[in-house]
Structures are given as structure tokens and as C-alpha cells.
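Taking it in order: structure first as C-alpha cells, then the write-up.
The values are calculated or read from the model by the stated rules, or taken from the named source; none is laboratory data. Bear in mind the structure is a predicted one, so any value in this text is a computation, not a measurement. Every residue, glycine among them, receives a Cβ derived from its backbone with ideal geometry; neighbour counts consider all protein chains shown. Side chains are part of the model used for accessible areas, which takes the heavy atoms of the whole protein and leaves out ligands, DNA and RNA. Shrake-Rupley method; radii C 1.70, N 1.55, O 1.52, S 1.80 Å.
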Amino acid sequence: METVISFIIIFGALVFFHELGHFLFAKRAGILVREFAIGMGPKILGITKGETLYTVRLLPIGGYVRMAGEEMDRIILQAGHRIGVLLDEDGLAKKIILNQKTMYPDIMFLEVEEADLEKELYIKGYDEEDRLVRLQVARDAVVEENGAETVLAPHDRQFDSKSIGHRFMTIFAGPLFNFVLAFFIFTAIGLLQGVPTNEPVISEVTDDSPAEEAGMQAGDLITEVEGTNIASWNDLVESVQDEAGNALDFVVERQGETVEFTITPELVEQEQGDVGVIGVLYESPREQDFFGSFVYGAETTVFWFKEIFRLLGMLVTGQFTIDALSGPVGIYKTTEQVAQYGIFTLMSWAGMLSINLGIMNLLPLPALDGGRLMFFILEALRGKPVDRQKEGMVHFVGIMLLMLLMIVVTWNDIQKFFF
């Protein structure tokens with residue numbers, strides 16, 4: 001149960017902040033947001049506030065922000081449609097009723113001759129006395145059909161009407177907020193647990209390792225590798241992990257004296273790829289530092305950002321296979337293992353996942369945020385947008401391929417963890 005709760009909280013927070021980025025930048029651009037949803041599938045809970053419906057849905061596998069003007073959002077009144085109209089005190093149409101079984105006092109019935117509910121905002125039609133009338137529609141009018149109400153979206157409040165810059169930032173804000181969330185998580189760890197000094201001091205040398213054979217000892221402070229200054233443990237890791245099989249010159253400080261070693265890192269297979277190691281362990285002391293916590297949050301976010309990109313590059317170049325990827329099942333099982341090491345380790349795991357989610361969404365693949373951003377860049381270069389039907393087809397194919405990939409990864413996770 002603890003694992004389930006941890007997984008729901010972590011995954012829910014990642015999705016919430018991702019969609020919050022889209023939502024806030026859409027509102028800032030003046031786009032009408034119809035729904036802010038956490039989860040997919042059937043609606044469990046829904047609250048309408050202002051012009052937006054906030055929902056929690058059954059399947060905790062994502063979320064979305066539904067903006068006016070996207071997909072099947074347009075409301076079109078065809079000639080010959082019979083509708084009901086309610087007017088406000090200024091004579092503007094405030095409610096358009098498509099299902100005439102619904103009755104209101106002072107309702108006006110019209111047979112539509114022509115209408116524009118996006119730009120000019122009017123309805124022209126014949127009333128019950130067969131008079132041709134033209135009604136102006138309020139910008140915040142509501143369209144009711146079968147008991148469901150939809151706020152009208154004038155053209156200037158639709159996603160596609162906005163500038164490329166506004167649309168780009170609205171989509172980019174989702175991944176951006178995942179990076180911001182990771183920064184706050186790592187900063188919170190620094191504030192609550194203390195900031196690691198991160199000095200490259202060896203706490204333990206493993207048996208039969210290259211470091212032990214060379215004579216390295218616990219307490220040694222590594223200052224140089226191959227003539228490059230080593231200021232932190234991360235510097236040491238970066239200088240060693242890609243040098244398996246290559247002899248490296250180390251300079252360490254031991255009880256005030258300088259000692260030199262030549263060590264050849266050995267290749268070790270890890271789930272995220274093969275890396276070079278010398279066989280030393282690290283346990284950094286922590287200190288309370290308010291401002292240093294923010295620096296730690298930023299540095300840790302950048303470190304994981306670079307590390308995930310490195311692993312992604314290894315996947316692209318074939319240095320490890322698709323079997324090393326994990327889907328929801330793998331993330332759940334890893335969360336179960338990480339939770340055993342305490343709340344701060346779990347928070348670090350959440351921060352790393354948030355960065356991973358942001359980077360994955362920025363990949364220039366159809367159906368992902370990065371794919372949509374690529375179409376905006378292409379539109380800016382061409383001076384005109386790509387045909388929406390062609391773009392929609394590309395995204396549809398992308399969704400199908402992503403679903404296929406998810407099925408393969410999930411099946412691999414099931415095989416790995418349960419069989």
C-alpha cells in the first residue's frame with residue numbers, strides 16, 4: 001500500500017505540474033481552456049470554476065489540458081438548424097440551445113439562415129413569425145446540447161489564432177514545469193536534509209577493485225584525474241565513467257601529503273548502460289546552508305539533465321537496447337525499491353523522473369510536445385502553417401507507434417519483474 005500511495009503521489013505530481021505549465025501559459029496567452037484533467041479515461045470527479053472544467057479521471061497514466069480550437073472543438077450552426085436562443089438585458093444571445101426539448105422562459109426559436117460563432121459572432125435566422133432577424137452573440141455565450149453546456153470560444157481565444165511564440169511557449173511550458181518541479185524537489189532536499197559537501201573523499205574501497213590494487217585508501221581526497229582538477233564527486237564520476245580500459249593518472253591528498261596513482265577503470269554492466277568504475281564508494285557529509293540549498297537544487301537538476309541526455313544518446317547509438325527501458329510497471333517496481341531507503345531517496349527519485357518526463361516530451365516525435373514544437377518551427381520557417389489534416393495524420397501515426405512502444409516496454413517489464 002505504501003508503494004501504491006508513493007507511486008500515485010509521485011506520478012500525480014509529475015503530471016499535475018506538466019499540465020499546469022500548459023494551463024498557465026495558455027491562460028496567459030488568452031486561450032480559453034475547456035478542461036484541466038489529471039488521469040485519462042472515465043471522469044471520477046469534476047468541478048467547474050469559471051470557464052474551465054477541472055477533472056480527475058480513472059486511469060493514472062497521464063493528463064491533458066483541452067484548449068479551445070483544438071481537434072473537434074468547433075461549434076458550427078448549419079442553415080436549416082432549429083435552435084433556441086436566450087437573450088441578455090442588452091439583447092445579445094447569451095445561450096444557444098441545440099436541443100429544443102429543453103424549455104426556458106422567454107426562449108426565442110430560430111431557423112438558422114447563416115451564423116458565425118467565431119469571428120463576427122452573429123446568428124441570422126427566421127423567428128416563429130417567419131421574420132428574418134439578426135442576433136449578435138455575446139463573447140461569453142454558452143451553447144447547450146442534451147444538457148451539456150460549452151462556453152463559446154471566439155476566434156481570438158482559440159489556440160490556433162495565437163502567434164507562433166504564444167503557441168510555442170504554451171506547449172513548451174509543460175516540459176519546462178517538469179524541470180522547475182525537479183529544481184524545487186532537490187532544493188527541498190537540501191533545505192530539509194542539508195547540502196552535501198560533495199567533496200571527492202573516498203569513504204570505502206571495494207575488495208579486488210582497480211583502486212585497491214593501486215593502493216587507494218578510505219579517506220583519500222582525489223584532487224586530479226589526468227591533469228584535470230576534481231572539485232566534486234560528480235567531476236570524478238564524469239572523468240571515469242567513459243574511460244573503461246584506459247589507464248588514468250590520479251592525484252590524491254592523504255593526511256596532508258600528495259600521492260599519485262595510475263588506475264585503469266573496469267567496465268561494469270548497469271541497467272542504464274555499461275560504465276567505467278574504479279571501485280570506490282562515497283558518502284558525503286551534509287551541512288545546513290539555506291542559499292546553498294538552491295545552488296544544490298540547480299546543480300542536481302543540471303546533473304540529471306545531462307545524465308539522462310547521455311543515456312538517451314547511448315540508446316540512439318545502440319550502446320544499450322530497448323530492453324533497458326522501463327514503462328509504468330518498471331517505474332512502479334523501482335519506486336517500491338527506492339521507497340525502502342526513505343523519504344529523501346524517494347524525493348530524489350521523483351526529481352529525476354520529472355526531468356526524464358520533461359526530456360522525453362521534448363523529443364521531436366509526433367504526438368509528443370516536441371513533435372508539436374517542430375511543426376511550429378516549420379511554420380515559422382515556411383511563413384505559413386502546415387495543413388492541419390496532414391499534421392493530424394502525422395500525430396495519429398505517432399500515437400500509434402508510441403502505444404506500440406509502450407506495449408513492448410510494459411511486456412518487457414512484466415517479464416523482467418514477474419517471470
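Some values worked out for this structure:
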| quantity | calculated |
| --- | --- |
| 1 or more residues surrounded by fewer than 16 Cβ atoms within 10 Å (Cβ to Cβ) and among the hydroxyl-bearing types (S, T, Y): qualifying strands (runs of 3 or more DSSP E) within the stretch 1-103 | 33-49 |
| Number of positions in the stretch 338-390 that are open to solvent by less than 60 Å² (accessible area, probe 1.4 Å), within 25 Å of Y64 (Cα to Cα) and in a loop (DSSP other than H, G, I, E, B) | 5 |
| Tabulated pairs, the stretch 319-343, first modelled with pLDDT of 70 or more, second crowded, with 18+ Cβ neighbours inside 10 Å and not in a helix (DSSP H, G or I), C-beta under 8 angstrom, 6+ apart or interchain | T334/S326 |
| Criterion violated by S163 - all others in (1) more than 30 Å from F344 (Cβ to Cβ); (2) open to solvent by less than 10 Å² (accessible area, probe 1.4 Å); (3) among the hydroxyl-bearing types (S, T, Y) satisfied | (2) |
| Those residues of the stretch 242-291 which are surrounded by 11 or more Cβ atoms within 10 Å (Cβ to Cβ), at pLDDT 90 or above and aromatic (F, W, Y), in sequence order | F250, F261 |
| In the stretch 404-419, residue surrounded by the most Cβ atoms within 10 Å (Cβ to Cβ) [restricted to those that are at pLDDT below 80, of a type in the set (A, V, I, L, M, F, W, C) and more than 11 Å from G327 (Cα to Cα)] | F417 |
| Qualifying residue in the stretch 345-354 (condition: without any contact (Cβ under 8 Å) to a residue 60 or more places away in the chain and not hydroxyl-bearing (S, T, Y)) | no |
| Residues (at pLDDT below 85, under 30 Å from S326 (Cα atoms) and either of a type in the set (A, V, I, L, M, F, W, C) or within 21 Å of the chain's Cα centre (by Cα) (or both)) located in the stretch 366-391 | P366, A367 |
| Matching residues in the stretch 225-241 - criterion: being buried (at least 16 other Cβ atoms within 10 Å of the Cβ) and out of contact with any Leu (no Cβ under 6 Å at 6 or more places or on another chain) | S232, W233, N234, D235, L236, V237, E238, S239, V240, Q241 |
| Residues being among the hydrophobic types (A, V, I, L, M, F, W, C) and at pLDDT below 90 - total across the stretch 226-235 | 2 |
| Test: D106 is farther than 30 Å from L373 by Cβ and either exposed (fewer than 15 other Cβ atoms within 10 Å of the Cβ) or touching a residue at least 60 places away in the same chain (Cβ under 8 Å) (or both) | yes |
| The stretch 154-170 - residue that is part of a helix (DSSP H, G or I), in contact (Cβ under 8 Å) with a residue 12 or more places away in the chain and not hydrophobic (A, V, I, L, M, F, W, C) and, of those, nearest to A68 (Cα to Cα) | R157 |
| Residue in the stretch 188-204 that is open to solvent by 40 Å² or more (accessible area, probe 1.4 Å), outside any helix (DSSP H, G or I) and farther than 16 Å from N234 by Cα present | yes |
| Residue list for the stretch 42-65, filter: within 19 Å of the chain's Cα centre (by Cα) and either farther than 11 Å from F16 by Cα or modelled with pLDDT under 90 (or both) | Y54, T55, R57, L59, P60, I61, G62, G63 |
| Identity of the residue in the stretch 118-150, among the charged types (D, E, K, R), under 36 Å from the mean Cα position of the chain (by Cα) and open to solvent by 20 Å² or more (accessible area, probe 1.4 Å), that ends up farthest from G69 (Cα to Cα) | E145 |
| Neighbours by Cβ (under 7 Å, 6+ apart or cross-chain): first from the stretch 400-419, of a type in the set (V, I, T); second open to solvent by less than 60 Å² (accessible area, probe 1.4 Å) | V409/L325; V409/S326; V409/G327; T410/G327; T410/P328; T410/V329; I414/V329 |
| Matching option when the condition is within 30 Å of G327 (Cβ to Cβ) and free of Cβ contacts under 8 Å to residues at least 40 places away in the same chain, among L132, L59 | L59 |
| G398 vs. criteria surrounded by fewer than 17 Cβ atoms within 10 Å (Cβ to Cβ), out of contact with any strand residue (DSSP E or B) (no Cβ under 6 Å at 6 or more places or on another chain) and on the phi > 0 side of the Ramachandran plot | no |
